[in-house]
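Taking it in order: structure first as structure tokens, then the write-up.
Quick note: the coordinates plus some simple rules give every number you see, no bench work behind them. None of the values given here were measured: they were computed from a predicted structure. Cβ coordinates were reconstructed from backbone atoms using ideal geometry, including for glycine residues, and neighbour counts include every protein chain displayed.
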Amino acid sequence: MYYTVDNLGPSINITSPPTTVVKDTVWINAAANDTNYVTKIVIYINNTLVYYEEYNSLEANISYLWDTTQYDDGKYNVTVVAYDSLGNVGSETKFYYIDNLPPPIPEHYITALLALITASIITCILLRKKH
């Protein structure tokens with residue numbers, strides 16, 4: 001009698017977000033497969049569990065809508081962990097940068113705005129003096 005020992009975890013692949021800089025809401029999508037059935041996929045952000053689904057399939061996909069506005073801007077790791085029916089584990093980690101801050105106002109816009117405000121104030125003063 002022969003036995004096959006399987007101590008390999010599921011293959012896991014984070015398929016999105018496709019870019020490393022994220023903002024607003026983005027989908028975290030991942031796909032897993034294993035010859036001994038994928039039983040669970042878990043998503044962690046900075047080592048905190050945010051979502052999971054259970055399965056009984058050779059292939060499984062997971063999707064989670066990540067609201068990055070609930071996080072401070074900065075670097076985050078997203079780890080997706082898949083488990084198979086024999087208890088083996090596979091994982092993948094990708095790093096993302098949240099950037100929800102609006103871009104700074106260019107200095108020439110500020111200068112132009114200040115000039116406009118100053119001109120308006122001077123015009124008001126001159127008009128008041130005439131009356």
Table column - 3J(HN,Hα) (Hz), the stretch 33-45, Karplus curve with 6.51, -1.76, 1.60, x for Gly and Pro: 8, 6, 6, 10, 6, 7, 10, 7, 10, 10, 10, 10, 10
Which of Asp67, Asp99, Asp84 moves the most in a Gaussian network model of the chain with Cα springs under 10 Å? Asp67
Kindly write out, for the stretch 2-8 in residue order, the coupling ³J(HN,Hα) from the Karplus curve 6.51 cos²θ - 1.76 cosθ + 1.60 (θ = phi - 60°), rounded to whole Hz, with x marking Gly and Pro. 10, 10, 9, 9, 10, 10, 9
For the chain the mean separation of alpha carbon contacts under 8 Å (6+ apart) over residue count, i.e. relative contact order in percent, is 27
Fluctuation leader among Thr48, Thr39, Thr68 - the chain, Gaussian network, Cα springs under 10 angstrom: Thr48
Could you tell me how many cubic angstrom of Cα convex hull volume the chain has per residue? 120
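Cβ under 13 Å from Ile28's Cβ, Ile28 left aside: what net charge do those residues give with Lys, Arg +1 and Asp, Glu -1? Write out the running numbers ahead of the final one.
On the way: positive: Lys94; negative: Glu53, Asp67, Glu92.
Overall, the nearby charge balance is -2.
List Val21, Val50, Val5, Val78 from most exposed to least, where exposure is judged by having the fewest other Cβ atoms within 10 Å.
Values: Val21 9, Val50 13, Val5 6, Val78 21.
Least to most surrounded, the residues fall as Val5, Val21, Val50, Val78.
Report the longest stretch of the chain that contains none of the chymotrypsin sites (Phe, Trp or Tyr not before Pro) sitting in a DSSP loop with at most 11 other Cβ atoms within 10 Å. Don't skip to the end; give the middle numbers.
On the way: sites that count: Tyr2, Tyr3.
Result for the longest clean stretch: 4-131.
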Report ³J(HN,Hα) in whole Hz for each residue of the stretch 88-97, in order, from the Karplus equation J = 6.51 cos²θ - 1.76 cosθ + 1.60 where θ = phi - 60°; Gly and Pro get x. 6, 10, x, 8, 9, 10, 10, 9, 10, 10
How far, in degrees from 0 to 90, does helix 107-130 lean away from the longest principal axis of the Cα atoms of the chain, to the nearest 10? 30
Mind checking which of Ile105, Ile41, Ile121 has the largest fluctuation in a GNM of the chain, springs on alpha carbons under 10 Å? Ile121
Net charge of Cβ neighbours under 14 Å - reference Ile12; Lys, Arg +1; Asp, Glu -1: -3
